């Protein structure tokens with residue numbers, strides 16, 4: 001099955017603009033890091049997925065800061081040349097107590113760039129960790145966490161997040177747990193070299209041709225997008241023939257981003 005896009009309709013569609021995102025991605029590596037605090041996270045590799053298996057700490061009649069729980073290797077594949085617009089971090093956590101003198105709160109939530117922990121702290125030092133698993137988001141679509149980013153920085157295994165908590169136990173033991181940590185990155189642009197228009201005839205995008213198109217190009221024939229391929233248009237397409245069309249088959253994707261436009265002659 002295909003969706004046939006008449007040329008006039010596509011011209012109207014081109015006024016819509018939006019950015020791309022990748023994620024939420026889960027880490028492939030998580031460890032306890034003793035750069036801060038005194039309490040060790042047990043089973044740090046339990047945060048790879050949301051599955052009710054936890055990295056955890058235990059507090060009994062004391063007030064403590066934890067080590068960092070450090071998560072890296074998020075397996076991003078942001079296209080080269082992309083502009084990084086914002087970073088979201090999601091943490092799924094809980095504590096068995098959250099009232100009076102028995103509770104846990106954030107101490108530090110910081111991003112890592114090329115293996116170095118950033119100075120910017122996005123922790124919530126007010127709200128206590130809830131007693132049921134809850135997903136909390138840190139950052140937003142325009143938050144760069146005080147850093148300048150390239151696609152290579154995000155794709156690096158040294159890109160990640162560290163979390164430290166403050167836990168106090170005055171009357172009851174406190175068990176605090178993190179189930180999952182994940183990151184989503186918003187971006188625009190980027191270059192992939194698989195979008196090459198033919199000199200004549202029709203242009204086909206197949207499953208192997210996922211690409212982002214930044215340049216202004218003349219398109220001599222019809223465009224067919226099939227398989228599971230995606231074409232992201234940031235430049236201008238100018239159709240040089242008469243009655244040109246774009247056909248998007250089921251499973252494929254065609255997206256027009258800010259600056260992208262389709263013209264006819």
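The single residue among 229, 259, 243 that is at pLDDT below 80 and crowded, with 19+ Cβ neighbours inside 10 Å turns out to be 229. Applying the criterion of being assigned to a loop (DSSP other than H, G, I, E, B) and touching a residue at least 40 places away in the same chain (Cβ under 8 Å) to the residues of the stretch 19-40, the residue that is surrounded by the fewest Cβ atoms within 10 Å (Cβ to Cβ) is 35. The residues in the stretch 83-106 that are touching a residue at least 60 places away in the same chain (Cβ under 8 Å), surrounded by fewer than 19 Cβ atoms within 10 Å (Cβ to Cβ) and over 20 Å from the mean Cα position of the chain (by Cα) can be counted, and the count is 4.
Check 54, 61 and return the single one that is at pLDDT 95 or above, surrounded by 18 or more Cβ atoms within 10 Å (Cβ to Cβ) and touching a strand residue (DSSP E or B) at 6+ places or on another chain (Cβ under 8 Å).
On the way: 61 fails: surrounded by 18 or more Cβ atoms within 10 Å (Cβ to Cβ).
Result: 54 is the single residue among 54, 61 that is at pLDDT 95 or above, surrounded by 18 or more Cβ atoms within 10 Å (Cβ to Cβ) and touching a strand residue (DSSP E or B) at 6+ places or on another chain (Cβ under 8 Å).
Taken together, the criteria exclude residue 153 from residues that are more than 24 Å from residue 53 (Cβ to Cβ) and part of a loop (DSSP other than H, G, I, E, B). Just one of the listed residues (113, 70) is assigned by TED's automatic domain parsing to the domain that holds residue 157 and farther than 12 Å from residue 164 by Cα, namely 113. Under the condition of being closer than 21 Å to residue 135 by Cβ and not in a strand (DSSP E or B), the residues counted in the stretch 74-89 number 3.
The values are calculated or read from the model by the stated rules, or taken from the named source; none is laboratory data. Fair warning: this is a prediction, and the values are worked out from it, not measured in the lab. Don't worry about glycine lacking a Cβ; one is built from the backbone with ideal geometry, like all the others, and counts go over all protein chains shown.
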